[in-house]
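Worksheet for the structure shown next.
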């Protein structure tokens, strides 16, 4: 047994306490955890907002919306014929989030039979971030949609396989990209980091990947963030955006709404099933502060994956929620860390360590 000066161990104790404090603080830093939903209880549906209600359209374009009812432990969205494109506005189930955030979901999108590839064009489900609009049907004007989404289901490949759709819309001008997906489900993630939006995916059996990057400096501090599902572009596009947005497109149509293509049927064919939607407050690494995150030459995909992807997919139940124990928790944790390695107290002023 060899004695060492207490001063060196006091320094070790202090460093351990500080380390424990930083760890504790980093876990507690996710102030967005209360927004997360694991969809274990049907009662949590009341915690979500709906854009058709917020903007007073009062046309419920979802034939089904429930939590842990149609499928235990999942939120289900099954839309009527409805789309998100340019001035056409579809359903959005959301929460308002201010500042930087990461939102993650595990979603399955199939045809209405619950297993097949949807058979109508642009039948998908996923995550959206959207600029709120202070409008009603009476004050609605074209050109006001601003959003980004990443969804999965079927785009326009004839129903031969599952696809992703990523779409960015600025002043109701939409640009979209379709790509293949290996299965009917995927993990989707959207990170809002200042002016930048990073969109990520994780296909079944594959690692996380950066799907796309955007500069959306036009978006305000507070956004609508949540789940979308839409279907049957072939039919929906036949209606003007004003008619589409204000009505449920399901026969018999509301009074005064004429079907411009009566020979073409309404064939909605998607069910979006969400295992959870999680919110997380990210911290941008110091080395990336002030750098254009859309520039792959300056910021690699690996740089983004280092602090996003699984690092930002944190369940609400995994975060401590009792701040009153934080100070004593820091002190006790620090002391325990400092005493690891068989630290034992010796005579006054000295510490004995077994070696």
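The values are calculated or read from the model by the stated rules, or taken from the named source; none is laboratory data. Not measured: the values here are computed from a predicted model. Methodologically, a virtual Cβ is constructed for each residue, glycine included, from the backbone with ideal geometry; neighbour enumeration extends over all protein chains shown.
Residue-wise test of (1) modelled with pLDDT of 95 or more; (2) outside the structural domain of residue 128 (by TED's automatic domain parsing); (3) farther than 30 Å from residue 139 by Cα; (4) in a strand (DSSP E or B).
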{"site": "26", "(1), (2), (3), (4)": "no, yes, yes, no"}
{"site": "45", "(1), (2), (3), (4)": "yes, no, no, no"}
{"site": "52", "(1), (2), (3), (4)": "yes, no, no, no"}
{"site": "71", "(1), (2), (3), (4)": "yes, no, yes, no"}
{"site": "76", "(1), (2), (3), (4)": "yes, no, yes, yes"}
{"site": "97", "(1), (2), (3), (4)": "yes, no, no, yes"}
{"site": "107", "(1), (2), (3), (4)": "yes, no, yes, yes"}
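Looking at 202, 235, which is the one that is crowded, with 19+ Cβ neighbours inside 10 Å, touching a residue at least 24 places away in the same chain (Cβ under 8 Å), closer than 22 Å to residue 124 by Cβ and over 27 Å from the mean Cα position of the chain (by Cα)?
Every option except 235 fails the conditions.
Kindly indicate whether any position in the stretch 179-188 is under 17 Å from the mean Cα position of the chain (by Cα) and closer than 23 Å to residue 81 by Cβ.
No, that holds for no residue.
Have a look at 255, 226, 205 and point out the one that is under 30 Å from residue 296 (Cβ atoms) and part of a loop (DSSP other than H, G, I, E, B).
Selected residue: 205, the only one of 255, 226, 205 that is under 30 Å from residue 296 (Cβ atoms) and part of a loop (DSSP other than H, G, I, E, B).
For the stretch 238-258, name all the residues that are surrounded by fewer than 14 Cβ atoms within 10 Å (Cβ to Cβ) and farther than 18 Å from residue 120 by Cα.
If the condition is that a residue be surrounded by fewer than 14 Cβ atoms within 10 Å (Cβ to Cβ) and farther than 18 Å from residue 120 by Cα, then 240, 252, 254, 255, 256, 258 are the ones that fit.
Considering each residue of the stretch 164-202, count those that are closer than 21 Å to residue 296 by Cβ and not in a strand (DSSP E or B), and give that number.
2
When you look at residue 284, is it modelled with pLDDT of 95 or more and touching a strand residue (DSSP E or B) at 6+ places or on another chain (Cβ under 7 Å), yes or no?
Criteria met by residue 284.
Each row is one residue, and each column tells you yes or no for (1) farther than 27 Å from residue 71 by Cβ; (2) in contact (Cβ under 8 Å) with a residue 40 or more places away in the chain; (3) touching a strand residue (DSSP E or B) at 6+ places or on another chain (Cβ under 8 Å); (4) assigned by TED's automatic domain parsing to the domain that holds residue 304.
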| site | (1), (2), (3), (4) |
| --- | --- |
| 221 | yes, yes, yes, yes |
| 224 | no, yes, yes, yes |
| 230 | no, yes, yes, yes |
| 243 | yes, no, no, yes |
| 256 | yes, no, no, yes |
| 266 | no, yes, yes, yes |
| 279 | no, yes, yes, yes |
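Inspect the stretch 308-328 for any residue being modelled with pLDDT under 95, outside any loop (DSSP other than H, G, I, E, B) and touching a strand residue (DSSP E or B) at 6+ places or on another chain (Cβ under 8 Å) and give the result as yes or no.
Yes, the stretch 308-328 contains at least one residue that is modelled with pLDDT under 95, outside any loop (DSSP other than H, G, I, E, B) and touching a strand residue (DSSP E or B) at 6+ places or on another chain (Cβ under 8 Å).
Could you list, in sequence order, all residues of the stretch 86-124 that are at positive phi and surrounded by fewer than 18 Cβ atoms within 10 Å (Cβ to Cβ)?
Initially, the stretch 86-124 is screened for residues at positive phi, giving 86, 99, 114, 122.
86, 99, 114, listed by residue number.
Residue check: is residue 56 farther than 26 Å from residue 100 by Cα, crowded, with 17+ Cβ neighbours inside 10 Å and at pLDDT 95 or above?
Judged against the criteria, residue 56 is not a match.
Go through (1) out of contact with any helix residue (DSSP H, G or I) (no Cβ under 8 Å at 6 or more places or on another chain); (2) under 30 Å from residue 31 (Cα atoms) and name the single condition residue 234 misses.
Failed condition: (2).
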